[in-house]
Amino acid sequence: MPELRYIDAIRRALQEEMENDESIVILGEDVTLGGPFGATTGLADKFGVTRVRNTPISEGAVMGMAVGASLVGLRPIVEIMFVDFITLAMDQLVNHAAKLHYMSGGQLRVPLTVRVQGGISGGYGAHHSQSLEAWFLHVPGLKVVAPATASDAAGLLKSAIRDDNPVLFLEHRALYWTGGEVGEVIEPIIFGRAAIRRAGTDATVVAVSRMVPAALEAAERLEESGTSIEVIDPRTLAPLDLDTILESVRRTGRLVVAHEAVTVGGIGGEIAAQVQEVAFADLTGPVLRVGAPFAPVASSPVLEKLFAPGVDAIVDAVQRSLAFSRDGAPA
Amino acid sequence: MTSIGAAEDRALLDLLERMWLIRAFEEKVSDLYARGHISGLLHLGIGQEGSAVGACSILRDDDYVLGSHRAHAHALAKGADPERLMAELAGRSTGYCAGKGGSMHLVALECGFVTATGVVAGSIPLGLGTALAGQQAGMGQVTVVFFGDGAGQAGPFHESLNLASLWKLPLVFLCENNGYAEFTPLSAHTNIERLTHYADTYQIPSTTVEGNDVLAVQAATEQAVELARSGGGPSFIEALTHRPRGHYEGDQAKYRELSEREEWKEKDPIARFEMYLEQQNVLSEDASEARTIEADVRQRIEAVAEAALDAPWPAPESLTSQVLAS
Ligand SMILES: Cc1ncc(C[n+]2csc(CCOP(=O)(O)OP(=O)(O)O)c2C)c(N)n1
């Protein structure tokens, strides 16, 4: 299979979908010029500037425009340059996009895709490094997708675009230039189906976005000391494939959830809650979370490095998890 | 032509020195970034020194300034210490923000530089707030908020113009119109030709000036500040300028015509001001005083950079300190 970089896989999915569906339009800052990372490079040349529109720095109005257009026949893809700036479009996304189908008794549909990139890399500081996915999981009516591989980025983006609901598509900047195998034909990936990235027996690690490659590296390291972990990539956070996680936890008895977002109020807590509600008896110890400390992202490279959870934190959490036993005695 | 007078001469040379200080600082930042000593997303103000220096030159120490994402010049013009600023960019504990802020989040409160922002138009409403506080305090304090032309299309910008006008806030909106927002020319963002038209709509007095003419910006700001101090409310200054470099360090700026760059070389705010000073006999014909100023600030900035890179990194415990005020 050919190798594609994550960002090129995104571009290919955008292009193929636009070829197949005339109602798709892209709206965003600098998108006619590819944007700062090149996700849309060449699309304006191919599809014209009525379908690939360079917008002013007006996130609120642009999001609202996309929502409005989606109600009456277009299938807009909005690009917000950094997830941090989605705050400026929250009203349209949370109060309108997410609720219009419901509030209209099903009359309205919002086939909208919001592409954003985020996460930590490069010392960009507190306004250009956040992971905000948990905010959106809390809003009924939104779907939230977080691909970790090039192939998933392409396949999930196709599904996002074809979905009749608003989908928040979270790309991780640090993954943009990572390569991965992508099929000759990109098939849409059905939402709500987690991928088991590595099979294992001693503990389950649910890893989100950039934590997936980190968890796989942690698995290699743990294997050296004889520990076998199963790595699950949920791929979509809403809907969440709880069944795959539960099935794994029932085998391993131990669960660690890893994400780059701040731990407090992150999705690790939600997954832990859902798992213990139905599988308490199967757990040999508490569900542990790996995430960022409770602070904004500092710009200094040394603080940024300390802030970002990674392989070490996952290894540590797995080892702590394994140290528990039900009767309180060391395992 | 005779020289303008010793005190005036000194004031003019101070403006020149301040612009050179910023130029030397920014060029050093660029150099340190290229050599991997500074990381982050850096938007330099090279070529735009005229507006920052012109506007800040007539402010009081207790006036407030807020900057955009391209704010090194704004902070330095308001009097920030280059060494603490450089240390901040280098992520060191001796930086103004102890390494937590970085280029887009500079704060130098001691000199009235309240904050920069990584969010386009993000500091404009904050400027309303410092202006409101200044108004309430009744000491005649004024706020100047800097932003780019790209911010002119943001909702918070328009809401702020209206509120500042409505409540007669002592605020100077200073738009540094460099013609581009990232890779896109202003004409692709709005049909409004002059950003001052926005101000007109909200009945805010406005003027468009040559932003690379430090004296023109100074004069316009002086008028605006006088109005604000005397309770007359906000003003809007559109300073036409140019960004000769890419949007951020590393941006090759391929989207711009080369000819455009040539045209602006002649309008460089420093070269232009030196020429003016020669004509006014403030500088001698060979501009040797200017070369001395330049050499001195470059030497100073070398020392600043060295000190910044020698400074200690932040302690690990600082990562989670100061999330809340205690
Ligand atoms: C709300 C928001 N949207 C998008 C961005 C990304 N961005 C950073 S700078 C910039 C262009 C700003 O242009 P302008 O205001 O003219 O300032 P200049 O860079 O020219 O100084 C954009 C779009 C951002 N930082 N904040």
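Any idea how many residues of the stretch B:131-153 are in contact with a Phe, Trp or Tyr (Cβ under 9 Å, 6 or more places away or on another chain) and within 14 Å of chain A (Cβ to nearest Cβ)? Qualifying residue count for the region: 6. Taking helices (runs of 4 or more DSSP H) as the structural unit, no element lying wholly within the stretch B:45-163 holds at least 2 residues that are β-branched (Val, Ile, Thr) and within 11 Å of the ligand (Cβ to nearest atom).
So residue B:319 ticks every box in (1) surrounded by 17 or more Cβ atoms within 10 Å (Cβ to Cβ); (2) more than 14 Å from chain A (Cβ to nearest Cβ) but one. Which box is left unticked? Going through (1) surrounded by 17 or more Cβ atoms within 10 Å (Cβ to Cβ); (2) more than 14 Å from chain A (Cβ to nearest Cβ) one by one, residue B:319 breaks only (2). Among the residues of the stretch B:234-254, the one identified as of a type in the set (Gly, Ala, Ser) and within 11 Å of the ligand (Cβ to nearest atom) is B:246. Screening residue A:183 against (1) modelled with pLDDT under 95; (2) surrounded by 22 or more Cβ atoms within 10 Å (Cβ to Cβ) leaves a single unmet condition, (2). Looking at the structure I just gave you, is residue A:301 in the same structural domain as residue A:266 (by TED's automatic domain parsing), touching a residue at least 60 places away in the same chain (Cβ under 8 Å) and within 21 Å of residue A:265 (Cα to Cα)? It is false that residue A:301 is in the same structural domain as residue A:266 (by TED's automatic domain parsing), touching a residue at least 60 places away in the same chain (Cβ under 8 Å) and within 21 Å of residue A:265 (Cα to Cα). In this structure, does residue A:62 turn out to be in a helix (DSSP H, G or I), within 13 Å of the ligand (Cβ to nearest atom) and modelled with pLDDT of 95 or more? In short, yes.
Every residue, every condition in (1) basic (Lys, Arg); (2) more than 14 Å from the ligand (Cβ to nearest atom); (3) touching a residue at least 12 places away in the same chain (Cβ under 8 Å), yes or no:
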residue: A:83; (1), (2), (3): no, no, yes
residue: A:90; (1), (2), (3): no, no, no
residue: A:96; (1), (2), (3): no, yes, yes
residue: A:128; (1), (2), (3): no, no, yes
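Looking at the stretch B:173-186, is at least one residue more than 9 Å from the ligand (Cβ to nearest atom), closer than 17 Å to residue B:130 by Cβ and modelled with pLDDT of 95 or more? Yes, that holds for at least one residue.
Here is a yes/no grid of residues against (1) out of contact with any Lys or Arg (no Cβ under 9 Å at 6 or more places or on another chain); (2) assigned to a helix (DSSP H, G or I); (3) surrounded by 24 or more Cβ atoms within 10 Å (Cβ to Cβ):
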residue	(1), (2), (3)
A:40	no, no, yes
A:49	yes, no, no
A:70	no, yes, yes
A:78	no, no, yes
A:87	yes, yes, no
A:101	no, yes, no
A:107	yes, no, no
A:115	yes, no, yes
A:122	no, no, no
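Exactly one residue among A:303, A:322 is within 30 Å of residue B:103 (Cα to Cα), more than 23 Å from the chain's Cα centre (by Cα) and of a type outside the set (Phe, Trp, Tyr), and that residue is A:303. Restricting attention to the stretch B:104-118 and to residues that are within 14 Å of another protein chain (Cβ to nearest Cβ) and more than 17 Å from residue B:83 (Cα to Cα), the residue that is surrounded by the most Cβ atoms within 10 Å (Cβ to Cβ) turns out to be B:116. Considered as a group, the residues in the stretch B:187-203 that are touching a strand residue (DSSP E or B) at 6+ places or on another chain (Cβ under 9 Å) and within 13 Å of the ligand (Cβ to nearest atom) include one that is farthest from residue B:69 (Cα to Cα), and that residue is B:188.
For the stretch B:25-44, the tally of residues that are within 16 Å of the ligand (Cβ to nearest atom) and at positive phi stands at 1. Restricting attention to the stretch A:264-301, the residues that are within 14 Å of another protein chain (Cβ to nearest Cβ) and in contact with a helix residue (DSSP H, G or I) (Cβ under 8 Å, 6 or more places away or on another chain) add up to 9. If you go through the stretch A:67-75 one residue at a time, do you hit one that is of a type in the set (D, E, K, R) and within 16 Å of the ligand (Cβ to nearest atom)? Scanning the stretch A:67-75 turns up no residue that is of a type in the set (D, E, K, R) and within 16 Å of the ligand (Cβ to nearest atom). Got at least one residue in the stretch B:184-195 being in contact (Cβ under 8 Å) with a residue 40 or more places away in the chain, buried (at least 23 other Cβ atoms within 10 Å of the Cβ) and in contact with a helix residue (DSSP H, G or I) (Cβ under 8 Å, 6 or more places away or on another chain)? So far as the stretch B:184-195 goes, yes, one or more of its residues are in contact (Cβ under 8 Å) with a residue 40 or more places away in the chain, buried (at least 23 other Cβ atoms within 10 Å of the Cβ) and in contact with a helix residue (DSSP H, G or I) (Cβ under 8 Å, 6 or more places away or on another chain).
Annotation note: Cβ proximity below 6 Å between a residue of the stretch B:28-49 that is among the aromatic types (Phe, Trp, Tyr) and a residue that is within 12 Å of the ligand (Cβ to nearest atom) (sequence gap 6+ or interchain) occurs for B:33/B:42. Of all the residues in the stretch B:189-238, those that are under 16 Å from residue B:160 (Cβ atoms), of a type in the set (A, V, I, L, M, F, W, C) and away from chain A (no Cβ under 14 Å) number 6.
In the set B:90, B:71, B:24, B:34, which member is over 30 Å from residue B:140 (Cβ atoms), under 16 Å from the mean Cα position of the chain (by Cα) and either of a type outside the set (Val, Ile, Thr) or within 14 Å of another protein chain (Cβ to nearest Cβ) (or both)? Outline the logic, then answer.
Working: B:90 fails: under 16 Å from the mean Cα position of the chain (by Cα); B:71 fails: over 30 Å from residue B:140 (Cβ atoms); B:34 fails: under 16 Å from the mean Cα position of the chain (by Cα).
After ruling out the rest, the residue left standing is B:24.
Residue-level check: of (1) outside any loop (DSSP other than H, G, I, E, B); (2) closer than 30 Å to residue A:166 by Cβ, residue A:296 misses just (1).
Of the residues making up the stretch A:124-165, those that are outside any helix (DSSP H, G or I) and among the β-branched types (Val, Ile, Thr) are A:139, A:144, A:145, A:149.
Select from the stretch A:1-38 the residues that are assigned to a loop (DSSP other than H, G, I, E, B) and small (Gly, Ala, Ser) and write down the one among them that is surrounded by the most Cβ atoms within 10 Å (Cβ to Cβ). Checking each candidate, the answer is A:35.
The values are calculated or read from the model by the stated rules, or taken from the named source; none is laboratory data. As the structure is a computational prediction, the values presented were derived from the model and not from experiment. Backbone-built Cβ (ideal geometry, glycine too); neighbour counts: all protein chains shown.
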